[in-house]
C-alpha cells in the first residue's frame, strides 16, 4: 500500500507539486501517492491533523498556511525556526516535524542549476515577508559584503534585518532609499509579479553586472524578469528551479533519498506552456 503525501494550501489547483513528486517517486522507486488538499484557513489545523491521523506520512504547505504550520507542529528544524514558517512536515515517531526548504531550494538553483558565483557579493532582497525571511540564511552562505532588505515600508525591513544581524552585514530600508546603490544579486521575494507588477525600486540598482532572480514563476517572463531584461541585467531568471529544488529537499526528508532534479526541471519546463503563475 503506498505512503500518502500531499500539498495543503488555498488555492492549490494550479500546483505542479504532484507532477514533480510523481517523477521523483518513479525515478527513485518509491511507493507513494501525492495529492492536493485545498484547505481554507479555518480548516487548516483540523484537516492536517486528520491527514496524519489517517496514516499520512508527510505534507508540503503553501500559501496562506506556512505560518500556521509552524504553530501546528511539535518541533521545528533550525531553518524553520529562522524562517518562522514551515513548508514541509514529516511524521516521525508520532511527532510532527516542521521544516522550511524554500531557502535551500533558492540557493541550489542559484549555485548549482544556474552556475552563479560571486566573491563577497552585494545582495538586495526585495520584500520583508515570509518569502524573504526564508531566503535570508541561505543567502548569507554566499558570504555577502552587504545584504540589504528593502520593502515598501522601512519598518518591516529594518526589523527583519535586526533579526538576522548575527549572520552577517545586513540592513533594511524602504525602496526609495536604494537610489545610487548597485548590487550583484537582486532577489525579488515580493508577490508583485503575481499581479503583473514590479516593486517600486530605482532603476539604477540594475546594471550590466547584476543578476536578477524572481522567486515567482509563470508563463513566459514574469513582470520582474521582463523589467530586469529591459534594464540590461547580466541575467534575469525566475523561480522554476527553486520550485523543483525545494521539492527535492522535502522529498529527501520524507524518503531518505535525493532525487535527480535536472530531468524533472527539464520536463517541467517542457510541460509549462500554460503553467501556474503563483509560487507554491
Give me the pairs: first residue in region 251-262 and in a helix (DSSP H, G or I), second residue surrounded by fewer than 15 Cβ atoms within 10 Å (Cβ to Cβ), beta-carbon distance under 6 Å, and six or more apart or on different chains, which are they?
-> 252/258
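Every residue, every condition in (1) in contact with a strand residue (DSSP E or B) (Cβ under 6 Å, 6 or more places away or on another chain); (2) under 22 Å from residue 217 (Cβ atoms); (3) in contact (Cβ under 8 Å) with a residue 40 or more places away in the chain; (4) surrounded by 19 or more Cβ atoms within 10 Å (Cβ to Cβ), yes or no:
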{"residue": "129", "(1), (2), (3), (4)": "no, yes, yes, no"}
{"residue": "142", "(1), (2), (3), (4)": "no, yes, yes, yes"}
{"residue": "155", "(1), (2), (3), (4)": "no, no, no, no"}
{"residue": "171", "(1), (2), (3), (4)": "yes, no, no, no"}
Residue list for region 9-59, filter: in contact with a helix residue (DSSP H, G or I) (Cβ under 6 Å, 6 or more places away or on another chain), within 25 Å of residue 71 (Cβ to Cβ) and not in a helix (DSSP H, G or I) | 34, 39, 58
Which residue, of 71, 99, is within 24 Å of residue 244 (Cβ to Cβ), under 20 Å from the mean Cα position of the chain (by Cα) and modelled with pLDDT of 95 or more?
-> 99
Could you please let me know if residue 24 is crowded, with 18+ Cβ neighbours inside 10 Å and touching a residue at least 12 places away in the same chain (Cβ under 8 Å)?
-> yes
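Among residues belonging to region 60-96 that are in a helix (DSSP H, G or I) and free of Cβ contacts under 8 Å to residues at least 12 places away in the same chain, point out the one that is nearest to residue 10 (Cα to Cα).
71
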What do you reckon, is residue 6 free of Cβ contacts under 8 Å to residues at least 60 places away in the same chain, crowded, with 16+ Cβ neighbours inside 10 Å and in contact with a helix residue (DSSP H, G or I) (Cβ under 8 Å, 6 or more places away or on another chain)?
-> yes
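The values are calculated or read from the model by the stated rules, or taken from the named source; none is laboratory data. Just so it is clear, the structure is predicted and the values come from calculations on it, not from any experiment. Backbone-built Cβ (ideal geometry, glycine too); neighbour counts: all protein chains shown.
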